[in-house]
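The values are calculated or read from the model by the stated rules, or taken from the named source; none is laboratory data. As the structure is a prediction and not an experimental result, all values here were calculated from the model. Cβ: placed from backbone, ideal geometry, glycine included. Neighbour counts: every protein chain shown. Ligands, DNA and RNA are stripped out before the accessible areas are found, and what is left, the full protein with its side chains, is counted by its heavy atoms. Shrake-Rupley method; radii C 1.70, N 1.55, O 1.52, S 1.80 Å.
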Amino acid sequence: MGNDDSGHMKTIDRWLAGEVVNNTVGIKVVGGPFDGHTKIVFLGEDGTPPAVVGASGGPAGPTRHACKAVRSTVVRAGWIYAYTGPEPATES
């Protein structure tokens, strides 16, 4: 594998710091089982992140969890993902 000074790792560090690079940014998750984690997302043409993102796992196991994009003036990315709760189970 490459070293930690690679261009790829520098780009990831910039995303995690909340900087938009190539229309992609890292957005902090606030609340829920993924509190403090960062979702790296592509921004839409209007510069906004996906309105809702999901993740599975956490302390509750394989349950899907949803987070909603919310504007924030206290983080560099300008957005956070606020935890909205577990997604309803879907029938297969």
> Around T24, which amide H atoms from residues at least 5 apart in sequence, or from another chain, sit under 5 Å from its own amide H, with H modelled in the peptide plane?
Replying inline: L43
>> Give the average over all directions of the projected area of the C-alpha convex hull of the range 21-60, one decimal, in nm².
In response: 3.1 nm²
> For the residue pair V74 and N22, what label-to-label distance in nm results when each label sits 7 Å from Cα along the Cα-to-beta-carbon direction?
Replying inline: 3.2 nm
>> Straight-line reach only, C-alpha to C-alpha below 26 angstrom: list the lysines that K10 could link to, leaving out same-chain residues fewer than 8 apart.
In response: K28, K39
> How far apart, in nm, are two points set 7 Å out from the Cα along the Cα-to-Cβ line at D35 and at R14?
Replying inline: 3.2 nm
>> Keeping all protein chains in the complex and leaving out DNA, RNA and ligands, what accessible area do you get for F42 with a 1.4 Å probe, in Å² to the nearest 10?
In response: 150 Å²
> Across 5 Å bins from 0, what is the distribution of all Cα-Cα pair distances for the range 5-71, in whole percents?
Replying inline: 4, 16, 25, 21, 16, 12, 5, 0
